[in-house]
Amino acid sequence: PEDTVTSSFASFIRAARPEHLSPTVRQRSKRMILDSIGVGLVGSTTRVFDIALRYCRELYSSVAVSSVYGKPGVKLSPTLAAFTNGVATHSMDFDDTWHPATHPSGAILPALLAASQMLPPNTKPNGLDFLLAFNVGLEVQGRLMHFSTEAHDIPKRFHPPSVVGTLGSAAATAKLLSLSSAQCCHALGIAASLAGAPMANAATQAKPLHVGNATRLGLEAALLAGRGMEANPLILDDIPGCSGFSAFYSVYQPKPLSVPGEHHEFLLEKQDIAFKRFPAHLGMHWVVDAALSVRNLFINYAGSFSPSLIRTIMLKIPVSKYINRPFPSSEHQARHSFQFNACAALLDGEVGMGSFSESSIHRQELRELLDKVVVEHPEDNVANFDKMYGEVALLLHSGDVLTGKCDTFYGHWRKPLSKESLLKKFRSNASHVLPEEKIEAIITLVDNLENLSDSSQL
């Protein structure tokens, strides 16, 4: 059917051209690609990645043409490489975050990397084609999230990348594979049947599977559509009495997506991305910066950080059950705990990769600080990454009160990481598995992606 929301998305995917990407969109998306690769490389050192890779290598043998992060010489089938690399990307919760809330890069980049290696030599997409497909995947994710006011807040039911990310992966791959408008439409419909994961698995080893499955299943949806599989051509429309994509949202008001050109502006033009400075849930970055601020006040007050002088640690945070964890017992719980991240920042003066090791989590001095934490949920502190704040107050035995507050952390889309900071993060992440010359080669490749003749080189 013509003139439907779903057909408008299919037409957008088909009609997008490299010249529709503004310099801002190109630069921002290349920053995302570089950061996501670095996060995936360091993620290839984690236990959950090892489990996923072993699963794929032991249970499946297929056309092994696509590379795996951090494992030179190891190749898998395209869909399993996408899955494994997606797991790596989210294994530490270190990947980028958008608003409305989702992790956009990890859901699409692994699929595009795998697909670019899958295609025959004479049909390899160039770097500009790759960059365009990446931005098509971003745009579809962003537009879908804007169909529901519910998506603007920190999620409660479905983990967003497992929902919009799956369709974003399908759209990006469909663009890279040059599917027809009808096939793009079916790819979105197939992807919708493969999407969705519950928030209850946040703070567990299963959460990285959400991103791994999103990028893999979106790729599979595009491949199936390319081979003739059909799905509901109205999957994104709001059809009374028959839920399509609206099944994922309690409020759903879809709008057609205009064909790129004179009247279309990519969302990435208007809404930058948040890059994380340390591997934890995005909400933790507010309380860490607030804790570091009040820690400096405390040192000026007392001459050093002396926990014995503190009677109570007051956290003022938004209501969000899955990241309100008073006593986390694992690294994944710690990455999703306001209390842990605030106390780790107070105790150590920083939060980094080492903060989530078993020995760090179970330190006696950290547990003693956690015992002093009291949480408040001010009405004006909403569970929304564009509006929330973090406040940490130290109530001292002397009666004095010291307070630190963060409205916008460094790395938020309102306060983007500098080029130097982003490169420092990438080099640090990639150095866990790659030598310096390869790290610098990746930086150069991404920086000059538009000029790359064969994107599979990436």
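The values are calculated or read from the model by the stated rules, or taken from the named source; none is laboratory data. Keep in mind the model is a prediction, meaning the values are calculated, not measured. Note that each Cβ is placed from the backbone with ideal geometry, even for glycine, and that neighbours are counted across all protein chains shown. In case anyone asks, the SASA skips ligands and DNA or RNA and just uses the protein heavy atoms, side chains included. Shrake-Rupley method; radii C 1.70, N 1.55, O 1.52, S 1.80 Å.
Side notes on the structure shown:
- Test: residue in segment 410-422 that is exposed (fewer than 13 other Cβ atoms within 10 Å of the Cβ), of a type outside the set (Phe, Trp, Tyr) and closer than 28 Å to Leu177 by Cβ: no
- Some residue of segment 143-159 being in contact with a Gly (Cβ under 7 Å, 6 or more places away or on another chain) and either assigned by the TED database to the domain that holds His332 or acidic (Asp, Glu) (or both): no
- Looking across Leu131, Leu179, one residue alone is in a helix (DSSP H, G or I) and either in contact (Cβ under 8 Å) with a residue 12 or more places away in the chain or not assigned by the TED database to the domain that holds Asp35 (or both). It is Leu131.
- Restricting segment 244-267 to residues that are among the polar types (S, T, N, Q) and surrounded by 13 or more Cβ atoms within 10 Å (Cβ to Cβ), the residue that is modelled with the lowest pLDDT: Ser258
- Residue pairs whose Cβ atoms lie under 9 Å apart, sitting 6 or more positions apart in sequence or on different chains, and linking a residue in segment 261-276 that is on the phi > 0 side of the Ramachandran plot to a partner that is open to solvent by less than 40 Å² (accessible area, probe 1.4 Å), are Gly261/Ala15.
Let's see how each residue does on (1) open to solvent by less than 60 Å² (accessible area, probe 1.4 Å); (2) not assigned by the TED database to the domain that holds Val288:
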| position | (1), (2) |
| --- | --- |
| Glu379 | no, no |
| Arg427 | no, yes |
| Glu436 | no, yes |
| Ile443 | yes, yes |
| Asn451 | no, yes |
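- Near pairs, Cβ below 8 angstrom, 6+ apart or cross-chain, from segment 311-324 (outside any helix (DSSP H, G or I)) to any residue that is acidic (Asp, Glu) and surrounded by 20 or more Cβ atoms within 10 Å (Cβ to Cβ): Met314/Glu391; Leu315/Glu391; Lys316/Glu391; Ile317/Glu391
- Restricting Ser306, Ser320 to residues that are out of contact with any Asp or Glu (no Cβ under 7 Å at 6 or more places or on another chain) and closer than 26 Å to His146 by Cβ narrows the list to Ser320.
- Being under 21 Å from Val382 (Cα atoms), touching a helix residue (DSSP H, G or I) at 6+ places or on another chain (Cβ under 6 Å) and outside the structural domain of Gly352 (by the TED database) is not true of Val288.
- Flag for Val63 being among the hydrophobic types (A, V, I, L, M, F, W, C) and surrounded by fewer than 19 Cβ atoms within 10 Å (Cβ to Cβ): yes
- Of all the listed residues (Ala81, Ala88, Ala114), the sole one being part of a helix (DSSP H, G or I) and either under 15 Å from the mean Cα position of the chain (by Cα) or on the phi > 0 side of the Ramachandran plot (or both) is Ala88.
Residues checked against (1) farther than 25 Å from Tyr389 by Cα; (2) surrounded by 24 or more Cβ atoms within 10 Å (Cβ to Cβ); (3) of a type in the set (Phe, Trp, Tyr):
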{"residue": "Asn126", "(1), (2), (3)": "yes, no, no"}
{"residue": "Gly137", "(1), (2), (3)": "yes, yes, no"}
{"residue": "Arg157", "(1), (2), (3)": "no, no, no"}
{"residue": "Ser162", "(1), (2), (3)": "yes, yes, no"}
{"residue": "Ala172", "(1), (2), (3)": "yes, yes, no"}
{"residue": "Ser180", "(1), (2), (3)": "yes, no, no"}
{"residue": "Leu188", "(1), (2), (3)": "yes, yes, no"}
{"residue": "Ala195", "(1), (2), (3)": "yes, yes, no"}
{"residue": "Met199", "(1), (2), (3)": "no, no, no"}
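- Annotation: of all residues in segment 16-50 being among the aliphatic types (A, V, I, L, M) and more than 22 Å from Ile439 (Cβ to Cβ), the one that is surrounded by the fewest Cβ atoms within 10 Å (Cβ to Cβ) is Val25.
- Each residue in segment 393-423 was checked for being touching a helix residue (DSSP H, G or I) at 6+ places or on another chain (Cβ under 8 Å) and under 17 Å from Ser308 (Cα atoms), and 7 pass.
- Of all the residues in segment 222-241, those that are over 27 Å from Ala82 (Cβ atoms) and touching a Leu at 6+ places or on another chain (Cβ under 8 Å) number 0.
- Checking segment 7-30 against the condition returns a match, with at least one residue being within 16 Å of the chain's Cα centre (by Cα), within 29 Å of Ser246 (Cα to Cα), in a helix (DSSP H, G or I) and of a type outside the set (A, V, I, L, M).
- A count restricted to segment 251-271 and to residues that are in contact with a Lys or Arg (Cβ under 6 Å, 6 or more places away or on another chain) and part of a loop (DSSP other than H, G, I, E, B) stands at 1.
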